[in-house]
Structures are given as structure tokens and as C-alpha cells.
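Below is one structure; the comments refer to it alone.
The values are calculated or read from the model by the stated rules, or taken from the named source; none is laboratory data. Predicted model only: the values in this text are computed from it and were never measured. We place every Cβ from the backbone using ideal geometry, glycine too, and count neighbours over all the protein chains shown.
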Amino acid sequence: MPDLYVTGFIDQMMDADRPLEALGIISRMTGLAGENINNEESIVFYYDDAMFYRTSALYKATSAGLVGIALTTASSGDVMSGQFLGVFYPTGYLTGKGEYFLATGYGLLTTGAPTGIGDIIRPFGYSISYSGFMIYPDPTYLRVGDISTPAHASNHTDGTDDIQLATSAQKGLMSSGFADKLDGVAVGATANQTDAYLVDRTNHTGAWNHAAQHTNGTDDIQLASLSQKGLMSSGYADKLDGVAVGATANQTDAYLLNLVNHTGLNAYHLNRVNHTGVYTHASNHVNGTDDIQLATSAQKGLMSSGYADKLDGVAVGATANQTDAYLINRTNHTGNYLHAANHVNGTDDIQDATAGQKGLMTTTYAAKLDATETGARVLTVNGATGAVVVKEWETGINTQTASYTLAYSDSGKIIEMNVTTANLLTIPANATTAFGSGVSMDIVQIGTGLTSVTGAAGVTVNGVSAGGVDLAGQFFAVSIYKRAINTWVAIGGA
């Protein structure tokens, strides 16, 4: 049966002669919001955890207790207020006079009672005008029942609430008799044919018809013989008693005595008087005796110590090699390299390199490379490629603040000596820095300290070994250039 509580709320609210004050005392409460709630838009209930939540006519737990309307907007956990009794003037819901019920949507009202199975029909209040709303949270409600549910007693054969025992014609409770029968049935058992069907030989499968298997055409089982199956005789049983477990059938005596069929050695075998067949032992040895000869390339035999030594030196898994002549013949080699074919004269001699072939560098080429400056490059002049080798140096200014030795990167540069005390600019020996012949540099005294240009040991400047020149003063300069290896000329300076 559905939950049903009768209330006089509707009659009270529809009684226009009843003063509003008589319908209840105006009551408000303040507490924490259990979820986000909107002002004047959320119908709330006061749960047993002392927090406010939105109502729903879908669940009794949210609609059967104290319900009212939110008077403030609050986030979950914030303090909010709610009105639970009396007249209220909300901004929503009022479309005219009439009663309002809790809706199936959370926190909402509806002018029509919910009709879904299990929905709660809970009167909430009454619109007394287009601007006034009477809250009257009577705790009674009506739950919509499932009218399609069949009546209980109609499911039982005798029309009562008693559930009958099951039979072959109707469902019901299992009887103890049926339970006993099931206890004796194995899991996975299938239904058998009738006893009559099972014992009828005409229904049996396979080739066996019992009486036909007996030689006398009766049901008596005959003794087994070489030509028929049957019961074992006492004679056969005696024979089997003398056979060991696992014994196998032997060959004939003649086969067993024939030496050509023997394996291994035993005392009987070694006794020649027991041998049959054409085998004469000594005739199998090359010297006509019983001695087993050493093996040779022409006959089988015992392995000699020499052969054993050879095998000791052979690795496990070794394979036979080709002959030495085959292995050293270049025509049999694999891969792309045939040594002599890479030399122009077809021999193993490596030829000198030329403009047309790779090879060894000659002393002439080496001398040419010695005379070529590092970083030199070949230019195209008048359309002829490689006609002129031009030495190329960087240009720029290299400023120094202390005594300084020229570096190869200074080729063609201006060297500024910005020093306040006397200082030296040293031209290094060719073995240290190999400037190209004709390279030049300008040396300028930028600072107040006297700059002297001098050659290192073995370097001739203006014809003087380790000679040099002093600049006349601040902002005076000298130009130097290389005439030959370790020979330099200084121009100006004084």
C-alpha cells in the first residue's frame, strides 16, 4: 500500500473567511547551508545534521521533514536564513491564486502534484494573491503508488496468501521430496532414457551382439584359442604366470643365435661353438688373426695415438678447409677488394700519385705543400682555374695593453700598443709562427710607454739578427713585412 497521510491543509488554505493569523506563527531559522542555495528560488528542508538542503519530491528523506523557502543566497557551509511558517512575499512562483506542491526538481515548487510512481505529494503553501504567499509546511504527505502491481493473493492457486508447493503443473515452493531427489543427482547430470529403452539391445551402439560372439551360438562364453576370443583357460594362465611383468615377445631361436643380428658382447657370444651363419672371426682382420688392426686411410680399425693427437688439435665443430692453393688464390676471395687490381701496373707496388690517379705523395708535391701558406686558396683568374695561388689574411686592429708577440692571426692587421710603460713587440721565429712571405703589419704606439719592435732569437730585422727599432713616441708607427724565412724589414718608426 502507498504511504498516505491526510491533512486539512487544502481546506484551511481555501477557507477565505479564516484569518491568516490563525494559520500559524511566522517563524524563521538561521543555520549552515549544506549545498549552494539561491535566495527565494530554493525550497529547502532542515536535515538531521542541522543543515539546510534543497528539497525534491523524488525522495521522502528530503520532503517529509521541516520545509521552507530560502531567504538568503549561500554557498555550501555558509550561514543562511529560511522561512518555515507564515506569510511571505517572494519574487517568484506567484502566477495567481492556488496551491503549490514540492516538485521533483531540487529546490522547486509546482502547481501540479507529481504523478510519477514513488513521487511525494507534499503541499507546501498557497498563493493568496499576486504578491502574497502563505507557507504552511504541514508534515503530512501522499506517496504515489504503483497501481500496476498485481494483487498478492492472485498469484497463489488457492486464492490465499499461502504459497503452494510446486508441482509438474504449477510453480511454487520446493517440497522435501523434490529436494531429496535433487540431492541424489550429480552436478551436470542429463536426463536418461527410460529403463526399457536402455536395456533393449537393439538400441545399443557398437558392433557387439552378445550371442553372436560365441562359437556355439549360445550365451555361454567359450574358452579362448588362437582363432577366437574367449575365457582364459588354466593352461594359458599357467603360461602367463611364468612370464615376467613387462616382458616382450622374443624373436625365434634361429634369429637370436645368428651373429649378424647380435649387438654387444657376452660370454655366450664369444663362444664360437654357439655361433651360426657365415661369420668367421679372423677373416675380418687384415692380418688374418683375431687382432684388430690400426685404422688407416684404406681400412677401418683402432685409432692410433697419432690420429688421436691430430683430433686433440681440432676444435669442436671445426669444418674441413679448402687447400692452401685455393685459399691464397685471390680469384677465390670474397668482398670488393682485389689488392693488385688497385695499382696501375697490376702489381702489389703502390704507384706515385698523379693528377690522374690516387697514390703515394711524391717529394715534389710535399715541397709544393711546404711552400703553400696555411689558409691559402685557389682562385679563378682570366678563366683559368688554379692558375694563381693567392694568400689571404684578415684585416683589422689588435690592441694590446702589455708586451706582445705576434700571432699568425695578426697577418695584415694594425697592432696597437696601448701601454703606459716601456714595452716590446716581438716578431716570432718561423719555426714558432710561419708567416707567409710578403705578409705585412703596422705597429702603432698608442700609449705613453715606449714601444720597441724586435725580432726573436734567429730573426733578422733590417739586416740585424734579433735586431729591432724603437718608435719615436705616442702615435708614431712602423710597418714591417716578411721578405723570407726569419728575415723581416721595418719601415719608419723614428
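Whether any residue in region 5-27 is farther than 18 Å from residue 141 by Cα, surrounded by fewer than 20 Cβ atoms within 10 Å (Cβ to Cβ), in the same structural domain as residue 134 (by TED's automatic domain parsing) and modelled with pLDDT of 65 or more is what I want to check. Within region 5-27 (the criterion being farther than 18 Å from residue 141 by Cα, surrounded by fewer than 20 Cβ atoms within 10 Å (Cβ to Cβ), in the same structural domain as residue 134 (by TED's automatic domain parsing) and modelled with pLDDT of 65 or more), the answer is yes, since at least one residue qualifies.
Number of residues in region 401-421 that are assigned to a strand (DSSP E or B) and of a type outside the set (Val, Ile, Thr) equals 3. Tell me yes or no: at least one residue of region 159-172 is at pLDDT below 65 and not assigned by TED's automatic domain parsing to the domain that holds residue 70. Yes: region 159-172 contains one or more residues that are at pLDDT below 65 and not assigned by TED's automatic domain parsing to the domain that holds residue 70.
Looking at region 335-382, which of its residues are modelled with pLDDT under 60 and not hydroxyl-bearing (Ser, Thr, Tyr)? Correct list: 338, 339, 340, 341, 342, 375, 376, 377, 378, 379, 381, 382.
Listed here are the residues, each with its yes/no results for (1) closer than 23 Å to residue 368 by Cβ; (2) at pLDDT 95 or above; (3) surrounded by fewer than 17 Cβ atoms within 10 Å (Cβ to Cβ); (4) of a type outside the set (D, E, K, R).
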{"position": "388", "(1), (2), (3), (4)": "yes, no, yes, yes"}
{"position": "402", "(1), (2), (3), (4)": "no, yes, yes, yes"}
{"position": "405", "(1), (2), (3), (4)": "no, yes, yes, yes"}
{"position": "427", "(1), (2), (3), (4)": "no, yes, no, yes"}
{"position": "464", "(1), (2), (3), (4)": "no, no, yes, yes"}
{"position": "473", "(1), (2), (3), (4)": "no, no, yes, yes"}
